[in-house]
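The values are calculated or read from the model by the stated rules, or taken from the named source; none is laboratory data. These numbers were taken from a predicted model, which means no experiment stands behind them. With ideal geometry, Cβ positions are generated from the backbone for all residues, glycine too; neighbour counts draw on all protein chains shown.
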Amino acid sequence: MAEQSDDELVENSRNGDLAAFKTLVIRHEGKVAGVVRSMLGSTPEADDVGQEVFIRFYEALGKFRGESAVSTYLTRIAINLSLNEIKRRKRRFSIFTKEEEGWHKGTSDNSSDLNEMIAHEFSQLDPDFRAVATLRLIEGYSTEETATILGIPLGTVLSRLARAQKKLRTGLEKYLN
Amino acid sequence: MKDLNEDLFLQSLDGNISDEQKNKLNEAMTDLALRKNADQFLKLRSNLLRKEVDSFGPFFAERIINQIKSLKKEIDYQIFFFFKKYQVAAIGVVVALMVLNIFLSDNLTFKSVLGFEDEQVDNIVSIDLYQNLTE
């Protein structure tokens, strides 16, 4: 049997077919996990936000008109919920401890592992810059797609990306040379 | 000027810059500092770019489906209890009307409780069906 397209699965899910929705979850879990973990680190909250993304999507199935791809739509929800979570953390004045929990897993200050150092520097970025860098640099979206997902002008994406990469390069100077 | 070239470089990664912009970028890249920044950025990007599919762990999809099922149950309960409130109120009104009917009527019959008046045969107006035809 041919694999069902996302649109077909969405239509079936709308009609109450939970198996179809489960297929959508399995298909897009990787993408959502990548985005949420890039934004929040590997924290328990990241898993909660991941679940919330799919629940929100399920609740919004009636409104989903298919103007954008399912993965793009889910990415947008994932970014927005992650930004909300970061704001919540800030309100709780515990952003630093939470970020340390997620981003410092198995990392020491003397670690020479470039990827872990990059991940750490990444977590220090301002959330808005991190969102741009996540989509453009980690997930591989184009500048235009990034602008569409975040609902910001192309020029803003470019300036945030330039500032994010400058900050990352500064922090990783000795590793990148 | 430097920022403009950096923007141009970032745009070039999307592969949609014009030939004129390409030439301008190539020219700018003769600047060693910009070249170094660009190389560092490309190295950074290749390290950051996702190479493996991430996951929330086993049974993630099952957890979502269970959550949706419990969410549905919750909504059903909410609807049930929402209408239950009105059901109780409606029953209360009906009982009150029945009690009122009992007080207002002279005799306690099933009909009087329901609010039907006992029509006396004399009071029933007979209709002569043929009246209009014969006139």
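Quick rundown of the values:
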quantity: Residue within the range B:19-29 that is in a helix (DSSP H, G or I), at the interface with another protein chain (Cβ under 8 Å from one of its Cβ atoms) and either without any contact (Cβ under 8 Å) to a residue 12 or more places away in the chain or not aromatic (Phe, Trp, Tyr) (or both) present; calculated: no
quantity: Extreme residue, surrounded by the fewest Cβ atoms within 10 Å (Cβ to Cβ), among residues of the range B:42-59 that are more than 7 Å from chain A (Cβ to nearest Cβ) and over 19 Å from A:LEU135 (Cβ atoms); calculated: B:PRO58
quantity: Boolean, B:LEU34 is assigned to a helix (DSSP H, G or I), under 43 Å from the mean Cα position of the chain (by Cα) and surrounded by 13 or more Cβ atoms within 10 Å (Cβ to Cβ); calculated: no
quantity: Residue list for the range B:1-18, restricted to those being surrounded by fewer than 13 Cβ atoms within 10 Å (Cβ to Cβ) and touching a residue at least 12 places away in the same chain (Cβ under 8 Å); calculated: B:LYS2
quantity: Given (1) assigned to a helix (DSSP H, G or I); (2) more than 26 Å from A:PRO153 (Cα to Cα); (3) more than 10 Å from chain A (Cβ to nearest Cβ), number of the condition B:ASN107 does not satisfy; calculated: (1)
quantity: Matching residues in the range A:122-137 - criterion: being within 10 Å of chain B (Cβ to nearest Cβ) and within 22 Å of B:ILE17 (Cα to Cα); calculated: A:ALA133, A:ARG136, A:LEU137
quantity: Enumeration of residues in the range A:18-69 that are of a type outside the set (Asp, Glu), closer than 18 Å to A:LEU83 by Cβ and facing chain B (nearest Cβ under 7 Å); calculated: A:ALA33, A:GLY34, A:ARG37, A:GLY50, A:GLN51, A:PHE54, A:ILE55
quantity: Hits in the range A:139-171 (condition: surrounded by 20 or more Cβ atoms within 10 Å (Cβ to Cβ), within 15 Å of the chain's Cα centre (by Cα) and in a helix (DSSP H, G or I)); calculated: A:THR146, A:ALA147, A:ILE149, A:LEU150
quantity: Meets criteria (at pLDDT below 90, in a helix (DSSP H, G or I) and more than 11 Å from chain B (Cβ to nearest Cβ)) for A:PHE96; calculated: yes
quantity: First in the range A:156-167 and farther than 17 Å from B:LEU49 by Cα, second anywhere and among the charged types (D, E, K, R) and part of a helix (DSSP H, G or I), Cβ under 8 Å, 6 or more apart; calculated: A:VAL157/A:ARG136; A:LEU158/B:ASP7; A:SER159/B:ASP7; A:ARG160/A:ASP128; A:LYS167/A:GLU121
quantity: Residue within the range B:75-98 that is aliphatic (A, V, I, L, M), in a helix (DSSP H, G or I) and at the interface with another protein chain (Cβ under 10 Å from one of its Cβ atoms) present; calculated: no
quantity: Residue check for B:GLU62: acidic (Asp, Glu), farther than 15 Å from A:LEU158 by Cα and either in contact (Cβ under 8 Å) with a residue 12 or more places away in the chain or facing chain A (nearest Cβ under 10 Å) (or both); calculated: yes
quantity: Whichever residue in the range A:12-26 is in contact (Cβ under 8 Å) with a residue 24 or more places away in the chain and within 21 Å of A:GLU139 (Cβ to Cβ) and, among such residues, is surrounded by the most Cβ atoms within 10 Å (Cβ to Cβ); calculated: A:VAL25
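A quick yes/no check of all residues on (1) under 26 Å from B:LYS73 (Cα atoms); (2) among the charged types (D, E, K, R); (3) surrounded by fewer than 19 Cβ atoms within 10 Å (Cβ to Cβ):
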site: A:ALA2; (1), (2), (3): no, no, yes
site: A:VAL10; (1), (2), (3): yes, no, no
site: A:GLY41; (1), (2), (3): no, no, no
site: A:ARG56; (1), (2), (3): yes, yes, yes
